[in-house]
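Please read the structure below before turning to the comments.
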Amino acid sequence: MNTTSASRAEAPAMQAAQARVLVWDLPVRVFHWLMVASFAGAWLTAESERWRQVHVTLGYTMAGLVAFRILWGLVGSKPARFSNFVRGPARAARYVISILRGEAEHHTGHNPAGALAIVALLLMAAGVTASGWAHFNEIGGHAMEEVHEAAANIMIALVGAHLVGVVVGSWVHRENLMRAMVTGLKSGRQREGARRAWRGVGIALLAAVLGFWALQWQAGPDAALASTSTGAQRGHDDDDD
């Protein structure tokens with residue numbers, strides 16, 4: 001009888017914990033996928049002179065995205081704020097141990113280990129873009145090129161570790177974390193979720209990045225070459241006249 005009463009008393013709390021709530025607002029999701037696209041594109045174009053402008057553009061995009069995420073981590077929605085999910089190495093270790101024991105702690109937002117991965121990725125992305133800028137502007141010579149490549153390789157390793165963490169977390173908690181970063185919805189308590197989606201900020205971020213890409217495309221070497229070729233052709237036609 002007592003067990004039944006206890007179960008009924010705990011039912012509302014269990015349902016609240018398992019409710020689908022908005023955790024990742026639109027700015028966080030837009031930032032995440034733009035960062036994925038920018039880093040992947042920059043990595044794929046790193047060794048090509050033909051795609052150098054694309055590589056540089058994506059590097060600048062990453063720098064801007066990191067700056068935005070730091071700002072949003074200070075003033076954004078509750079789950080996006082660093083003060084809400086960054087807990088330090090000790091908590092991260094305890095979380096990993098809980099997984100190994102089969103008693104994984106569920107967190108509405110980033111778990112402690114994932115939080116450290118996010119911070120490390122942001123710091124490394126800043127390092128990659130800063131060293132890339134210096135190398136592009138011929139500062140530091142060959143040594144800076146080596147620093148840039150090393151930073152990029154470390155970031156690839158961090159991305160791999162992050163992906164492993166996402167897969168493990170999805171399996172342990174029976175929750176598709178990849179889909180959550182698309183929909184913004186996760187299991188958790190309503191009070192721990194985002195109060196609003198901040199769609200305007202997310203749309204503005206996407207528009208700013210797309211606008212920057214458009215400007216870079218128009219000002220790129222291919223555009224200049226096309227303009228020069230058009231001018232030369234017009235001059236040739238005038239000579240014929």
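Each value in this text was obtained by applying a stated rule to the coordinates, not by laboratory testing. Note that the coordinates shown come from a computational prediction; the quantities given were computed from them, not determined experimentally. When we count neighbours, we look across all protein chains shown, and the Cβ atoms used for this are built from the backbone with ideal geometry, even at glycine.
Taking only the Cα atoms of the stretch 21-240, the radius of gyration and Dmax are 21.2, 83 Å. Counting beta carbons within 10 Å around each of E149, E138 and listing the fewest first gives the order E138, E149.
Averaged over residues, the count of other Cβ atoms within 10 Å places the peptides 20-33, 168-181 in the sequence 20-33, 168-181, highest first. Among K78, K186, the order by Cβ neighbours within 10 angstrom, fewest to most, reads K78, K186. Near A194, the amide H atoms lying under 5 Å from its own belong to L22, V23; only residues 5 or more places off or on other chains count, and H is placed 1.01 Å from N.
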